[in-house]
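Participant: Dropping a structure here in structure tokens format, bear with me for questions.
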Amino acid sequence: MDRSNIERIAHNPEDRVLLAKLWDKINAGIRRCIPANTPFLSPRELEMAKFLFGEVPGLCAFGGYEDAERKMLIYLPEYLDEESLYDEDAPLVCLRATFFENDVLSHRDFLGALMGAGIARETVGDICVGRGFCDFFVTAEIAPYIIQNFLSAGRTKLHISQIPLRDARIPEPEIKEIKDTLASCRLDAVISAGFRIGRSLAADYVNAGKAAINGLPCTKSDKTVAEGDKVSVRGLGKIALAQVNGQTKKGRISVLIHRYV
């Protein structure tokens, strides 16, 4: 562990401030041999933090469930194991919002309502919306405030309660399957096929910094997308290169793309 690596890893002043805060939190826990955690981090922020800390025994990433996108970086001393992350004094909790089933609410509705209530983004992890309910993950410190004050999303009334992490319901995403052939698995080609837009427009999205592969921003249109990679494009949504099936008789690559709807 070397704090001076912050300058090498950070891409801008905001990164430097964030990494310095993460360093102070985790390093304090390591020195005192007590649990320590960061706020919720985006995939990009988490990747930077992992580079900063390297292989530290007891350091893990946790967002409430296995495939969480936003996670905390958590230091657990030798006397604790990862099962302790599900205990009552864990640094994050799961809240369930229930509402009238005929009201259709989206991830954006809930996130906008939370931000509108003055709740900082770093205190909120994944938001999992189902029919008539939404399970979402927050820092333990902010949970009481949300339970008392988060009463509606738009015009829809909410009832908020805390549930055990293991009881969280993660809805299966709705997926549209897209079969296509590509000259190559370049990022702009995959985006073009997945969102049914022109190749040049797809490249424009990438060049504008609006695309990410597995949560990490990418501005290279010719970046190769591997089978299993998830690609998100701001303003369009998210897709995954589900299968790469080999070449057709015309020498193109047959692919199956999942588009999350």
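The values are calculated or read from the model by the stated rules, or taken from the named source; none is laboratory data. Owing to the predicted nature of the structure, the values given are computational and were not obtained by experimental measurement. Cβ: placed from backbone, ideal geometry, glycine included. Neighbour counts: every protein chain shown. Accessible surface is based on the protein model in full, side chains and every heavy atom, while ligands, DNA and RNA are left aside. Shrake-Rupley method; radii C 1.70, N 1.55, O 1.52, S 1.80 Å.
Participant: For region 105-121, in order, what is each residue's ³J(HN,Hα) by Karplus, 6.51 cos²θ - 1.76 cosθ + 1.60 with θ = phi - 60°, in whole Hz (x at glycine and Pro)?
Facilitator: Each residue of region 105-121 in turn: 10, 10, 3, 5, 4, 5, 4, x, 5, 5, 5, x, 7, x, 8, 5, 4 Hz.
Participant: If you count, for each residue, the other Cβ atoms within 10 Å and average over each peptide, how do 187-195, 9-17, 245-253, 23-31 line up from highest to lowest?
Facilitator: 187-195, 23-31, 9-17, 245-253
Participant: Go through region 90-100 residue by residue and turn each phi into a ³J(HN,Hα) via Karplus (6.51, -1.76, 1.60, θ = phi - 60°); whole Hz please, and just put x for glycine and proline.
Facilitator: 5, x, 9, 9, 10, 10, 10, 9, 10, 7, 4
Participant: Given the convex hull over the Cα atoms of the chain, what projected area results after averaging over all orientations, in nm²?
Facilitator: Average projection, Cα convex hull of the chain: 15.9 nm².
Participant: Between A226 and I197, what is the label-point separation in nm under the 7 Å Cα-to-beta-carbon projection?
Facilitator: Here the answer is 2.6 nm between the modelled labels.
Participant: Next question, about the same structure. Can you show me the helix-derived [θ] at 222 nm for the chain, built from DSSP H runs with n ≥ 4 at -39,500 (n - 2.57) apiece and divided by the number of residues, rounded to the nearest 500.
Facilitator: Helices in the chain give a 222 nm mean residue ellipticity of -8000 deg cm²/dmol.
Participant: Which one of L151, I239, L52 has its Cα pushed farthest toward the positive end of the charge dipole of the chain, where Lys and Arg give +1 and Asp and Glu give -1 at the Cβ?
Facilitator: I239
Participant: About the Cα centre, and with charges only on the beta carbon of Lys, Arg (+1) and Asp, Glu (-1), how big is the dipole of region 156-198? Nearest 20 debye, please.
Facilitator: 120
Participant: Using the Cα centre of the chain as the reference point, and only Cβ charges (+1 on K/R, -1 on D/E), how large is the resulting charge dipole? Debye, rounded to the nearest 20.
Facilitator: Dipole size: approximately 1300 debye.
Participant: Nearest 10 degrees is fine. How inclined is helix 13-32 to the longest principal axis of the chain, computing both from alpha carbons?
Facilitator: It is inclined by approximately 50 degrees.
Participant: Another question about this same structure. Over 27 Å between C-alpha atoms is what I'm after, so list which of K21/K71; K179/K223; K25/K157; K179/K238; K50/K179; K179/K249 land there.
Facilitator: K25/K157; K50/K179
Participant: Accessible area per residue, 1.4 Å probe, Å², for region 161-261: what's the number?
Facilitator: Heavy-atom accessible area per residue stands at 58 Å².
Participant: List the residues, sorted by chain then number, that are 5 or more residues from L92 or on another chain and whose placed amide H is less than 5 Å from its amide H.
Facilitator: For L92, the qualifying residues are A140.
Participant: Relative contact order of region 10-87, please, whole-number percent, based on alpha carbon pairs below 8 angstrom and at least 6 residues apart.
Facilitator: Worked out over region 10-87, it gives 31 percent.
Participant: Averaging sequence separations of C-alpha pairs under 8 Å and six or more residues apart, then dividing by the length of the chain, give the relative contact order as a whole percent.
Facilitator: Across the chain, relative contact order equals 14 percent.
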